[in-house]
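Here's the structure, in structure tokens; my notes come after.
The values are calculated or read from the model by the stated rules, or taken from the named source; none is laboratory data. The structure displayed is predicted, hence computed values, not measured ones. Neighbour counts are summed over all protein chains in view; Cβ atoms, including those assigned to glycine, are modelled from backbone coordinates with ideal geometry. The accessibility values were calculated without ligands, DNA or RNA, using every heavy atom of the protein model including side chains. Shrake-Rupley method; radii C 1.70, N 1.55, O 1.52, S 1.80 Å.
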Amino acid sequence: MDNAVYVKLKGIVIQDLLKDPHRAQFHERELKTEDLTPEYRRAVEEALAELRAAQREGRAGVPLADERSS
């Protein structure tokens, strides 16, 4: 797995979800696709998990972990 590609893709997914949290449904459907690269699958899975955690804590819209630690 190419970590640089994963980080870039996760940033793109996070930006998409911050702009429109309803896009999570699109990304969840996308995960059901067989032909995703390992980097993209991991990026989407982790971004969605962080979005769900933020929503549970009532802090949706704040920077996700990837944005704070990169």
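At-a-glance table
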quantity	calculated
Tabulated pairs, the range 1-22, first within 13 Å of GLU46 (Cβ to Cβ) and in contact (Cβ under 8 Å) with a residue 12 or more places away in the chain, second in a helix (DSSP H, G or I) and of a type in the set (Phe, Trp, Tyr), C-beta under 6 angstrom, 6+ apart or interchain	LEU9/TYR40
Which listed residue, of LYS8, LYS19, is at pLDDT 95 or above and open to solvent by 70 Å² or more (accessible area, probe 1.4 Å)	LYS8
Residue tally, condition closer than 16 Å to LEU51 by Cα, out of contact with any helix residue (DSSP H, G or I) (no Cβ under 7 Å at 6 or more places or on another chain) and surrounded by 13 or more Cβ atoms within 10 Å (Cβ to Cβ), over the range 27-37	0
